[in-house]
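One structure is given here, and the rest of the page talks about it.
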Amino acid sequence: SARTQVLGREVYTSNNQLGGIQIMYNNGVSHTTAEDDFQGVYTILQWLSYMPKDSRSPVPILHSKDPIDREVDFMPTKAPYDPRWMLAGRPHPTNKETWQSGFFDHGSFMEIMRPWAQTVVVGRAKQRRLGGIPVGVVAVETRTVELAIPADPANLDSEAKIIQQAGQVWFPDSAYKTSQAIKDFSREHLPLMVFANWRGFSGGMKENGCTGEHRSPSISLVFQGHTPLYENSRAV
């Protein structure tokens with residue numbers, strides 16, 4: 001291959017090592033995956049259903065089985081919890097036959113870029129109380145997550161690493177993920193719902209200014225975006 005010719009030796013045994021799912025999904029280039037072509041097309045249609053038909057049209061009204069006066073059953077706790085429970089709900093922890101509802105309508109939350117920059121959670125959802133309109137969602141991971149950095153086959157001195165990232169902290173990758181998601185939602189003319197539960201930004205020599213480079217665009221995009229912004233701040 002061209003890469004082998006450049007390096008002068010056989011390094012990669014498959015193109016998947018350069019651009020397979022394990023690479024492109026984990027670095028945020030691919031927003032989601034599907035088991036087969038049919039599921040992939042269905043996912044695309046779901047994604048498109050959240051967007052206006054053109055730049056001059058309003059966002060679509062999506063029908064839901066959730067009653068407009070339903071309660072939000074899941075309540076965030078001071079202990080670390082999965083933020084997806086707050087957004088999408090979960091099976092009830094004690095009564096498995098019932099559903100503990102989240103903020104958004106049941107089954108409507110579509111997360112994107114899940115394995116990348118895991119201290120922030122982004123996606124699209126809808127809420128009957130907001131008139132059934134779809135929204136872009138930015139939420140915060142409250143738990144400590146692991147960042148796995150694989151060894152580079154082209155660098156004989158590189159080693160696989162696992163780095164701990166604290167919850168509720170904006171790291172360079174999660175700041176960039178936030179800004180990327182907000183850009184996408186703005187282009188799609190989706191209102192933006194932010195659950196701003198951050199403690200702050202990461203710092204130190206290893207960041208070398210990267211967080212600042214990405215957090216500034218993220219903040220400016222939030223306040224200069226073309227879509228309505230709903231913010232819910234809660235320090236835990």
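For the residue pairs K78/K161; K53/K126; K126/K177, alpha carbon separations beyond 23 Å are given by K78/K161. For the pair E146 and Q164 in one chain, pulling the backbone fully straight at 0.36 nm per residue adds 6.0 nm over the alpha carbon distance. Within 10 Å of each candidate Cβ there may be at most 16 other Cβ atoms; applying that plus a DSSP loop requirement, which GluC sites (Glu not before Pro) in the range 105-180 survive? Loop-located and lightly packed - E159.
Values in this text are rule-based calculations from the coordinates and carry no lab data. As the structure is a prediction and not an experimental result, all values here were calculated from the model. Every residue, glycine as well, gets a Cβ built from its backbone with ideal geometry; the counts of neighbours run over all protein chains shown.
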